[in-house]
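Since the structure comes first, as structure tokens, the remarks are kept for the end.
The values are calculated or read from the model by the stated rules, or taken from the named source; none is laboratory data. Everything numeric here is computed off the predicted structure, so don't read it as measured data. No Cβ is skipped: glycine too gets one built from the backbone with ideal geometry, and neighbour counts run over all protein chains shown.
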Amino acid sequence: MIRHPLLLAALLLSLPAAAQIYSWKDKDGRVHYTDTPPPTVEVERVHGGRVTAPAAEPAPGADEAPADEAQKGPPTLAEREQAFRERRAKAAEEAAKAEEEAAREAERARFCEQARNQLGALQSGQRISRFNAAGEREFLDDTARQAETSRLQQQVAEHCR
């Protein structure tokens, strides 16, 4: 009776010791998992469900000039706060640009719709009137209608695609 719980306890305690598994990619890009690493390939050690990157071997001459960033460590709270504020300012700037562009596009669409409507009214043949500088109502004759039609056609061609 006592053998089964002792055997189970011995097995559970020995599992972490046997859990060294290595992950590596072959020349074709396929990922392999083995309990022994191949000698010629860069491997990652998978241990207890976590992947740990292999320790990089220092390049020749690397010990002569130590890297500042490697010795720097994780960013401080002030550095993270500054980076957050910079990201937020950049996002706000991009949002303002996008909003301005959307407003410009909406104004162009409104202008195009209005110009096409005026052009359709001029081409329909109905009597068109407008107010002159003195505030009096005057009707367009054929030459003014033709000039206004060509002006509107040119604007539609330039601004409305």
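State which residue is nearest to residue 114 (Cα to Cα) when the search covers only the stretch 125-140 and only residues that are small (Gly, Ala, Ser) and outside any strand (DSSP E or B).
If we take residues in the stretch 125-140 being small (Gly, Ala, Ser) and outside any strand (DSSP E or B), then 125 is nearest to residue 114 (Cα to Cα).
Enumerate the strands (runs of 3 or more DSSP E) found wholly within the stretch 30-119, keeping only those where 2 or more residues are modelled with pLDDT under 60 and either in contact with a Lys or Arg (Cβ under 8 Å, 6 or more places away or on another chain) or surrounded by 10 or more Cβ atoms within 10 Å (Cβ to Cβ) (or both).
Per the criteria, 50-52.
Suppose the filter is hydroxyl-bearing (Ser, Thr, Tyr) and either part of a loop (DSSP other than H, G, I, E, B) or loosely packed, with under 10 Cβ neighbours inside 10 Å (or both); does residue 143 pass it?
So residue 143 fits the description; yes.
How many of the residues making up the stretch 98-150 are closer than 21 Å to residue 160 by Cβ and of a type in the set (A, V, I, L, M)?
The qualifying residues number 10.
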